[in-house]
Structures are given as structure tokens and as C-alpha cells.
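The values are calculated or read from the model by the stated rules, or taken from the named source; none is laboratory data. Every value quoted in this text rests on a predicted model; they were computed, and no experiment measured them. Here the Cβ is made from the backbone with ideal geometry for all residues, glycine too, and neighbour counts use every protein chain on show. The protein model used for the area step is the full one, side chains on, heavy atoms only, and it has no ligands, DNA or RNA in it. Shrake-Rupley method; radii C 1.70, N 1.55, O 1.52, S 1.80 Å.
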Amino acid sequence: MKPRPQPGAGKDGEHATFCRLCEAFCGLIAEVKDGKVVKIGPDRANPHSRGHLCVKGPAIADITYDPDRVVHPLKRVGGPGEFVRVSWDEALSDIAERLGRIRRTHGADAIATYFGNPGAFSTDTFMSSQWFLGKLGSSKFYTAGSQDGNSRHLASYILYGVAFRNAIPDLPNADFLIVIGANPLVSHGGLLTAPRLRHDLDAIAARGRVVVIDPRRSETAERYEHIAIQPNTDIWLLSAMLRTVFDDNLEDRDFLARHTVGWERLRDAVGAVSLAEASERTGIDTGTIRSLARDFAATPRAAMYSRVGLCRGNFSTISNVLVDALNMATGKFGCKGGSTFGAFPLKGGPEPLVGYGEHRSRIGDLPVVGGMMPSAVLADDVLEPGEGRVRAMMLIAGNPVLSAPAGDHLSRAFASLELMFSVDLYVTESNRFAHYILPSATFLEKGDVPLIGLSHMPRPFLQYAPPVIRSAGEAREELAIFRELAKRMGLGSIYPMKMLAGLERLGFAPTALDMVDMALRLGPVGDRFGFGRGLSLRKLARDAPHGTMLDMPLTYGNWPSHIAYPDGKLRLWHDILEEEFARFAAARRAPKDLRLKLFSQRTLKSMNSWMHNAAKLVNSQTPVLLIHPEDAAPRGIVTGSPVELRTDHGRVEVVAQVSDAVVRGAVCYPHGWGHNGGWRRANGKPGANINLLLGHGADAVERVSGTTFIDGVPVEAAVLDAGATARAWEMAANG
Ligand SMILES: Nc1nc2c(c(=O)[nH]1)N[C@H]1C(S)=C(S)[C@@H](COP(=O)(O)OP(=O)(O)OC[C@H]3O[C@@H](n4cnc5c(=O)[nH]c(N)nc54)[C@H](O)[C@@H]3O)O[C@H]1N2
Ligand SMILES: Nc1nc2c(c(=O)[nH]1)N[C@H]1C(S)=C(S)[C@@H](COP(=O)(O)OP(=O)(O)OC[C@H]3O[C@@H](n4cnc5c(=O)[nH]c(N)nc54)[C@H](O)[C@@H]3O)O[C@H]1N2
Ligand code: SF4
Ligand SMILES: [Mo]
């Protein structure tokens, strides 16, 4: 059957597109009437998501038409948050002039970028900002990575020789899946693109087992088998599991000998951790640890999968290495039903962010991971005088005042900048300090492919969705913004390649998607510009508007070609591991901190810090502090109690919910709250910015990866007798 032609941007009718809010990239059908999206529903004809959708997807229409959305360039004329509308020309001229002056006077590193999570979901935003940064020549690329996966990326750098490369669990073929530090039923997958995850996990559970290791009985843990663990103790559990594999001679000697280097060193390092010690730290009994390791090793098709809950502890890099090491030592790496690299349909590598430590932070001397700076030192990079001090800040699709550590300190830093501009959809807690806010397009207003998901799909898939509607107001795509800035700054063409700059002079201005098209056409499933029967974006749009499954196998067997080490072997030992295990040995000797341990969670109706202005997402939720009954009782805390949380770095007031879903000795609160931006509905919701409790500077991070210490932070919790928070709670409960 021939597909119906797509209506064209802004034209009435049903548009097949896909969601770009999270890595699931679910297919959507957007219905347009009179140039406006009037309804968004699941795309049942999308062969990848097959009708799967969560509540956030359709809410993109509420965001797109939100009266609080920024759709014209804004200039700050008073204190934080006081903006007036200006023309694009005025905004871009002034920014270019001031940015150029700062660059000439103080050098390119006086200009820093903070690149936030949604930026990675837009090919246009990601590629054009990388091009612009290349032209600027600044190395100060701050991102959400140090709150997310930089320790994972460092683990990949150690193991595979390349930072942004991740093995994925072969969900369709696994019979046993261990999920550690991830809640895929709510997050819908991180570094894993599988929109029907729940169905996959159900199928694995029906064939075998899904075991979830988490300090909270998460939605995923609730549905499958849960092993409760103390936050920030995974290194003990994983060490003890790997030790058991070797003690019981369950290792795959052949795999280790043929494909890895240094495994004996890792074996010796984890051999120092006894099961009794692991049990005492994690709260998991020795029998459970032993049988988990044995059952995992004994199941031929098994994989261990981890995500952010394993990335922001004190020993996250080792922990992430150990997850892969368990997959490798038991012979489950690179094979069917195990953990392996995804297929990639584009020519060239999938990842620009590959190296480690090419430069180090001015503050705290921390290495970059995949080119990314640790955001815990951003504020001091602005505030501390000296060579290389940051004077201008470019904030792209990020809200670090809420999402990064110590937002109060960061606010002070932002307020002191000579120039700050932001490309965003809203006035946020962060860009309220900017001199200019430039309005960006939402994904309904942009064409795209699921670029960052392409190498993380257990079932390879590709879709090209053209824009559904025209941009609201004067919102622009990022390439148009950065191209113009480069031009006005006298940096010449924005393109990194001479050939492209030449094309631009001839009047052709390739977009980021044109580059993807070229890489697709020259890649393994491409049409080779007419010399093959394969794909191009145009063909995809015409013949497969709902997307197409790709006939590309995962990398079983040929995975060594993805290893950057010249011998194609995996590294299970490295200087960094040596250093980190020494630090771990010292931590094992140190007395235990008896305070409660704070960790994070995500909720289905929140997207980090930025979707709280959508009524259908926010009205039905209020953030609460989960605390175990046995921790609550001695503190006089009951459900609804206002509670003060205090650390060495800050204090916040939250509302408690007493619950045995959280492990005893720990408390849990979602991030991304405490609003004070231009989003009026969000501002009206009670909720605290939990990251005010985190430290900043080099002592607040895992030094080798720069990853902020977020999960397992010691806190004190005390009930407040003041009624303020309780009244807010009551108001929220009454709608
Ligand atoms: N305590 C704690 N802190 C955390 C986490 C945690 O689990 N616990 N998680 C961390 C993680 S994993 C991440 S990724 C970070 C996320 O933190 P950030 O990367 O700072 O991102 P968000 O909070 O999602 O804010 C995104 C911003 O981008 C804007 N935006 C949305 N869509 C677009 C668009 O299409 N174009 C443009 N130009 N702008 C857009 C939004 O309005 C918003 O201002 O938070 C981290 N912080
Ligand atoms: N609904 C929704 N979906 C999202 C997002 C969102 O904000 N909302 N954000 C997106 C982003 S930016 C990302 S990076 C992905 C993240 O995807 P996930 O990593 O799946 O995200 P979380 O739901 O935060 O799951 C982390 C889990 O780790 C647990 N955990 C915390 N500390 C520890 C620990 O020390 N040890 C262990 N073993 N577990 C621990 C938490 O209880 C939580 O259940 O989700 C994406 N999807
Ligand atoms: S699961 Fe993710 S991609 Fe799918 S609709 Fe929800 S937010 Fe969008
Ligand atoms: Mo993230």
C-alpha cells in the first residue's frame, strides 16, 4: 500500500511525526487545522513504537501554544527577568558586537556554553551549535553531562577507547535482565532507544527474569523483581558479584583471554571486597548477592543495564566499568541476548564526543569527558578572577540553576556576566539573568531524524519527520541564529568544512539535516546518490512517513570493530581504575556516615525542569520527599509534614511522604522544582530545588569524570513546626 502523502508544514491534515522529548522517540500523529496543531495522538503505523506514547508527548502542543512561551527576541532592561521585546536584528547585532569584543580582548575561552538536555534531541540545535563553537574556538563546553552520564562515558573511554559509545542490552533476545540504577518504565530508557520497553521487559520476565536494583521500589522494580540497595553503594555489590563469578569459576576464560586486556588486575581489585562487607554496605544479604551473580552467569542470554542511578555516586566510573565487566566476564558481551553495540545507519561514527582529558578545567583542574566540562565548577569559572575567566555565557536549551548543583551560587555567577544570552522556549530560572533570550522552535516546528537514538536501538529504525507547522511568532531554528552570529562576528561561514562554505557562497546553505542525508545516502543502507536501491531522507519522507525498520543486525560478532584500541581488545584495567580503586580502598577504611542519604527520582509527568507549565502534566503532581517509616517516626515526621533538609551546602524545605518504597536510611526527591521563571503555572507549584543541597567545586564531583555527586548525598532531615509548607501542601492537594 502506498503511504498517503504528508500534508506539508502548516497544512491541514494528519502529519506523521515523532516525539523528541525523550530517547524513546515515539511516533505521533499531529492533526493540523488552520495551521495549528489541534490534536496529538499515537502513531499506530509507526513500526517501531507501534502506538506507544506517554502523557508528555501530546503536551508538546500545550508547550508550543503556551502563552508564556517566548516567541520574540527579548532584551533585559532591568533586574533578572525584566525583559522587553526587541527585533532579531537588534538582538543579534548587539550580541555579535559584545561577543566579538570579549573574544578579541580576553580570548575565546572567556566565552562559555552551557548546552542542556533538549539540545541533544534536535539535530539542528546540536550540529549548528557545535559548528558555531568550532568557529569561536572556545573549549568551555559545559553540558548536563556532568549531572547525567559523564562517568558512564569515562567508563566507555576506559573500556572501548572512546567516550561516547555505549553497549545496549539486546532486549528482544535476552532471557535475564538486571537493571541497576535505571527506571525505564518511567524514563523510557536512557542510552537505550526502545519505545516499547515495557513490552520488552514483560517478555523477558515471561521468558526468564528482570531484576531491578534500586534504593526505591520504583515503578520498574514494582512490576518485576526488586532488590533494594543503599544509594551510592553499588560498587560494593558489583565488586562482590564479579568476585563471586571468579571465586566460583563461572568466568568465560576464552572470552577474557581473546578479547580483553587486564582482567586479572580487575579480578584482584574486586577480590579485596568480601561478600560480608558488600552485604553490610549495601543492605543486601550475602545469599542474594551470590545467587544473583551465579544465576546471571548461568543464563546464556543475559544482560546487565544501568543508567543515571549508577552515574552520580562517589565511585560511578568504577561502577559503570563493573557493569560491563560482569557482562564480559560471563561471556555475555557482543553476543545475542547479551549486551552489545547497536547498528548505525549513517556513514562515519555516530559520536563527535569521543575523547577524554584533552583539556582540564581552570577551576579544580578537572578533565573534560567527551569534550564536556563539569558544571560543578561553572559558577567559579565565572566568579574567580584570572586568566581564562568566563565573561560571556551562551545558554542553549538548559536550565542549570535548577538542574545543576548549587543553583544559588550559579545565579550569582550569571548575574555578574558581561554578556549572557540564551536560546530557549521560556524565561527560566537560569536565563532570567541573560541580556538576551532568543526564541527557539519546538520540535513540531522542526524536521528531524532520531539522531541520538540511532546507535542505541535494539531494533534498528529510522524516520524522517518534516516540520508539522510553521514556527510560532519569530521563533527560529538554531542554525539560522548561529549562522547569523558567525557572520556578524566576522567569523565567516559557520560550516566546519571548506566544501560546505563554498556551497554557501554559491547560494546553497546546507542544513544539519542535509548533512545527515548525505551520511545516510553514503552509509550502509543509503542509496549512494542513485547508485543503490537504499534510503535518502527524501525517500523516507515519501515512502515511509511513519518510519522504517532497518535490516541491520546488532553488532554480534563484529563488535571489536567498534573498539578504538588498535588491537580491538577491551580494557579491563587502566591507570584511572588503579587510581580509583586506591580511593575506594581508603573509603572502605573510613567510618560510615550515619546521616540519611539523599537520592533522586524521575516522575512520568515531569521532564527534568521544563515541562511544569503544561496543565495536564503539572496539575496532578506535587513533589514529595519519600522517607521510610522507621526513619520518619523518630523524627516526628508524618505524611504531609514540612521538613527541612540540610547538608553542608544548603537547606531546603520540602513536604514528606512516609513510604516503605524507599529503603531505610535514605530519602528521595525529584529534581527540577522550585520555579521562579516566566512560567506562571510552574511558579505557582510548591516544590524545592533539591540541587541547592549539593556542593559545587571540585570537591563536589567524582574527580576523574567531573560527575556531580547527586545520589547518596548525606543529609539531615528535621520536621518544621512552621505551617508554611503544610499550607502549600494543602493548597496543592485541593488543586
Ligand atoms: N538532583 C538531580 N539533578 C539532575 C538530575 C537528577 O536526576 N537529579 N538529572 C540530570 C539530568 S540526567 C539532566 S539531562 C539534566 C537536565 O538539565 P538541563 O539540561 O539543564 O535541562 P532541563 O532542565 O531539561 O531544561 C531544558 C531547557 O531547555 C528548554 N528547551 C526545551 N525544548 C527546547 C528546544 O527545543 N529548544 C531550545 N532551544 N530550548 C528548549 C527548556 O525551556 C528548558 O529551559 O538535569 C540533571 N539534574
Ligand atoms: N518522565 C521522564 N522521563 C525522562 C526524564 C524525565 O525527567 N522524566 N529525563 C530523561 C533523561 S534526561 C534521562 S538522563 C533519562 C534517565 O533515565 P533513568 O536512568 O532510567 O532515570 P531515573 O528514572 O532517574 O532512574 C534512575 C534510578 O536510579 C535509582 N537510583 C538512585 N540512586 C541510586 C544508586 O545509588 N544506586 C542504584 N542502584 N540506583 C539508584 C533511582 O531510584 C531511579 O529509580 O530519563 C529520561 N526520561
Ligand atoms: S515516552 Fe518519551 S518519546 Fe514517547 S511520548 Fe513519552 S516523552 Fe515522548
Ligand atoms: Mo539526562
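Only one residue in Ala441, Ala415, Ala480, Ala406 is in contact with an Asp or Glu (Cβ under 8 Å, 6 or more places away or on another chain) and among the aliphatic types (A, V, I, L, M). Which one?
Answer to the check: Ala441.
Restricting the range 418-439 to residues that are hydrophobic (A, V, I, L, M, F, W, C) and open to solvent by 10 Å² or more (accessible area, probe 1.4 Å) leaves a set whose member that is nearest to Arg101 (Cα to Cα) is Phe433. Scoring Phe341 on the criteria (1) open to solvent by less than 10 Å² (accessible area, probe 1.4 Å); (2) among the hydrophobic types (A, V, I, L, M, F, W, C); (3) over 16 Å from Ser146 (Cα atoms); (4) more than 20 Å from the chain's Cα centre (by Cα) leaves a single failure, condition (4).
With a requirement of 2 or more residues that are open to solvent by less than 10 Å² (accessible area, probe 1.4 Å) and touching a residue at least 24 places away in the same chain (Cβ under 8 Å), the helices (runs of 4 or more DSSP H) lying completely within the range 600-702 that satisfy it span 615-618. Of everything listed in (1) surrounded by 22 or more Cβ atoms within 10 Å (Cβ to Cβ); (2) in a loop (DSSP other than H, G, I, E, B); (3) of a type outside the set (Phe, Trp, Tyr), the single unmet condition for Arg470 is (1).
Candidates Asp575, Asp593, Asp660: the one that is under 26 Å from Ala406 (Cβ atoms) and either modelled with pLDDT under 95 or of a type outside the set (A, V, I, L, M) (or both) is Asp593.
Within the range 117-150, count every residue that is within 15 Å of ligand 4 (Cβ to nearest atom) and of a type in the set (A, V, I, L, M, F, W, C). Looking only at that region, the number is 4. Quickly run through the range 215-263 and pick out the residues that are of a type in the set (Asp, Glu) and open to solvent by less than 20 Å² (accessible area, probe 1.4 Å). Selection gives Asp234 alone.
For (1) basic (Lys, Arg); (2) over 30 Å from Met518 (Cα atoms), each residue gets a yes or a no:
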| position | (1), (2) |
| --- | --- |
| Ser87 | no, yes |
| Met127 | no, no |
| Leu136 | no, no |
| Lys140 | yes, no |
| Gly149 | no, no |
| Tyr157 | no, no |
| Phe164 | no, no |
| Leu177 | no, yes |
| Ile180 | no, yes |
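For the range 9-50, the set of residues classified as farther than 21 Å from Phe121 by Cβ and of a type in the set (Gly, Ala, Ser) consists of Gly10, Gly13, Gly35, Ala45, listed by residue number. Do you know which residues across the range 100-125 are more than 16 Å from ligand 1 (Cβ to nearest atom) and closer than 19 Å to Met373 by Cβ? Residues satisfying the conditions are Ile102, Arg103, His106, Gly107, Ala108, Asp109, Ala110, Ile111.
Hey, could you check the range 17-35 for residues that are more than 16 Å from ligand 1 (Cβ to nearest atom) and surrounded by fewer than 24 Cβ atoms within 10 Å (Cβ to Cβ) and say which is farthest from Ser455 (Cα to Cα)? If we take residues in the range 17-35 being more than 16 Å from ligand 1 (Cβ to nearest atom) and surrounded by fewer than 24 Cβ atoms within 10 Å (Cβ to Cβ), then Asp34 is farthest from Ser455 (Cα to Cα). Given the conditions (1) of a type outside the set (Gly, Ala, Ser); (2) part of a loop (DSSP other than H, G, I, E, B); (3) in contact (Cβ under 8 Å) with a residue 24 or more places away in the chain; (4) more than 12 Å from ligand 3 (Cβ to nearest atom), which single one is not true for Pro67? Only one criterion in (1) of a type outside the set (Gly, Ala, Ser); (2) part of a loop (DSSP other than H, G, I, E, B); (3) in contact (Cβ under 8 Å) with a residue 24 or more places away in the chain; (4) more than 12 Å from ligand 3 (Cβ to nearest atom) is unmet by Pro67, namely (3).
Ala194 meets all of the listed conditions (1) open to solvent by less than 20 Å² (accessible area, probe 1.4 Å); (2) under 21 Å from Thr330 (Cβ atoms) but one, namely (2). Does Asn150 meet the test of being more than 26 Å from Leu617 (Cα to Cα), open to solvent by 10 Å² or more (accessible area, probe 1.4 Å) and away from ligand 3 (no atom under 16 Å from the Cβ)? Against the criterion (more than 26 Å from Leu617 (Cα to Cα), open to solvent by 10 Å² or more (accessible area, probe 1.4 Å) and away from ligand 3 (no atom under 16 Å from the Cβ)), Asn150 does not qualify. Scanning the range 34-47 for residues that are within 11 Å of ligand 3 (Cβ to nearest atom) and under 17 Å from Asp543 (Cα atoms) returns Asp43, Asn46. Strands (runs of 3 or more DSSP E) fully within the range 110-227 that include at least 3 residues being over 17 Å from Leu310 (Cα atoms): 111-115, 141-143.
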